[in-house]
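For reference, the structure is listed below as structure tokens.
The values are calculated or read from the model by the stated rules, or taken from the named source; none is laboratory data. Fair warning: this is a prediction, and the values are worked out from it, not measured in the lab. Cβ sites come from the backbone with ideal geometry, for glycine too, and all protein chains shown count toward neighbours. When the accessible area is computed, the model is the full protein with side chains, heavy atoms only, and any ligands, DNA or RNA have been set aside. Shrake-Rupley method; radii C 1.70, N 1.55, O 1.52, S 1.80 Å.
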Amino acid sequence: MITLYSGPLSLFSWKVEIALREKGLRFQRVMVPFNQTTGYDPKHPEVLALNPKGQVPVLSDAGLVLYDSTVIIEYLDEAYPEIPLYPGSPAERAQCRLDELFADEILLQALKPLMHRTGPRPADPIRRAAQEADALIAEETLAGHHARLEERLAGRAFFGPVLCAADIALFMGLLFGRRLGGPSFAGHPGLSGWFSRLGERPAFALAASEIAEADRRLSVPVAMR
């Protein structure tokens, strides 16, 4: 049995959960405690024991323990090759990995200045103003990323020849951008249509629904555009 240690608002844990469900793999989920004040502290003892970084996601499969969402999904695709999440040709796989890297590292960097919006408001008004000033700059960066992704799609249904790991990673990054009050997809019909189509797939819809429910329980409400 596959076991996944996950977090209710962990972008990378949800990335792995979508991959598992898209591949039709059964798994047991261990949801670790989280709150907006202290985060994952104190950290789950099993996560600390299994991952030297002390972070979710962590996946265990028949004694093999893995961490890092990309490493986990690549393993799942090789160990369970039915319904592949990486394309067939070397060039297409490389492009998929680049798009996934863009989501996990470049898009994520633009999301970080928005993350304060779901947590407790600082008492210091100067600090609050500085946080929101940084967030507005990040929103401009995110809008530029949206334009770049619109060009990358170029009218196609997916970022790969079929649904691939890059689609999952990019969907999660863009979903978090929306839940954090980032820019809409206005003016980008291809990206907007792609996001809506993926959101109708059961694995993606479940992730979005559970994240929204976790926000209702744990987060400060954020106005969406």
>> Can you find, within region 70-83, the residue that is surrounded by the most Cβ atoms within 10 Å (Cβ to Cβ) among those that are touching a residue at least 24 places away in the same chain (Cβ under 8 Å) and over 16 Å from PHE12 (Cβ atoms)?
In response: ASP77
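Here is a yes/no grid of residues against (1) in contact (Cβ under 8 Å) with a residue 60 or more places away in the chain; (2) under 20 Å from ALA205 (Cβ atoms); (3) touching a strand residue (DSSP E or B) at 6+ places or on another chain (Cβ under 6 Å):
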| position | (1), (2), (3) |
| --- | --- |
| LEU114 | yes, no, no |
| ASP134 | no, no, no |
| ILE137 | no, no, no |
| ALA143 | no, no, no |
| GLY160 | yes, no, no |
| PHE176 | yes, yes, no |
| GLY182 | yes, no, no |
| PRO189 | no, no, no |
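In region 37-63, what residues are assigned to a loop (DSSP other than H, G, I, E, B) and either in contact with a Ser or Thr (Cβ under 6 Å, 6 or more places away or on another chain) or of a type in the set (D, E, K, R) (or both)? Give the derivation first.
Our first condition is that a residue be assigned to a loop (DSSP other than H, G, I, E, B); within region 37-63, this holds for 37-38, 40-44, 51-57, 62-63.
Passing the criteria: ASP41, LYS43, LYS53, VAL56, PRO57.
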> List the pairs whose first member sits in region 35-56 and is under 17 Å from PRO8 (Cβ atoms) and touching a residue at least 60 places away in the same chain (Cβ under 8 Å), whose second member is open to solvent by less than 90 Å² (accessible area, probe 1.4 Å) and hydrophobic (A, V, I, L, M, F, W, C), and whose Cβ atoms are under 8 Å apart, counting only residues at least 6 apart or on separate chains?
Replying inline: ASN35/LEU218; GLN36/LEU218; GLN36/VAL220
>> Could you tell me how many of the residues in region 1-57 are open to solvent by less than 30 Å² (accessible area, probe 1.4 Å) and not aliphatic (A, V, I, L, M)?
In response: 16
> What number goes with the only condition from (1) open to solvent by 40 Å² or more (accessible area, probe 1.4 Å); (2) farther than 26 Å from SER6 by Cβ that HIS146 does not pass?
Replying inline: (1)
> Taking region 123-143, which residues are closer than 15 Å to VAL222 by Cα and either open to solvent by less than 50 Å² (accessible area, probe 1.4 Å) or acidic (Asp, Glu) (or both)?
Replying inline: GLN131, GLU132, ALA135, GLU139
> How many residues are under 14 Å from PRO183 (Cα atoms) and in contact with a Phe, Trp or Tyr (Cβ under 6 Å, 6 or more places away or on another chain) if we restrict to region 99-113?
Replying inline: 1
> For PRO221, which of the numbered conditions (1) without any contact (Cβ under 8 Å) to a residue 24 or more places away in the chain; (2) open to solvent by less than 30 Å² (accessible area, probe 1.4 Å); (3) farther than 30 Å from LEU25 by Cα fails to hold?
Replying inline: (2)
> Do the conditions hold for ILE168, that is, is it β-branched (Val, Ile, Thr), assigned to a helix (DSSP H, G or I) and closer than 30 Å to GLY24 by Cα?
Replying inline: yes
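Name the one entry in GLY160, GLY182 that is open to solvent by less than 40 Å² (accessible area, probe 1.4 Å), within 18 Å of LEU11 (Cα to Cα) and part of a loop (DSSP other than H, G, I, E, B).
GLY182
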>> If I go through region 84-114 residue by residue, how many of them are open to solvent by 80 Å² or more (accessible area, probe 1.4 Å) and either of a type in the set (Ser, Thr, Tyr) or under 20 Å from PHE34 (Cα atoms) (or both)?
In response: 1
> When only residues in region 1-36 that are charged (D, E, K, R) and part of a loop (DSSP other than H, G, I, E, B) count, which is nearest to GLY63 (Cα to Cα)?
Replying inline: ARG26
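Please specify each residue of region 116-132 satisfying the condition of being part of a loop (DSSP other than H, G, I, E, B) and free of Cβ contacts under 8 Å to residues at least 24 places away in the same chain.
Start the filter on region 116-132 by keeping residues that are part of a loop (DSSP other than H, G, I, E, B), which leaves 119-124.
The answer is PRO122, ALA123, ASP124.
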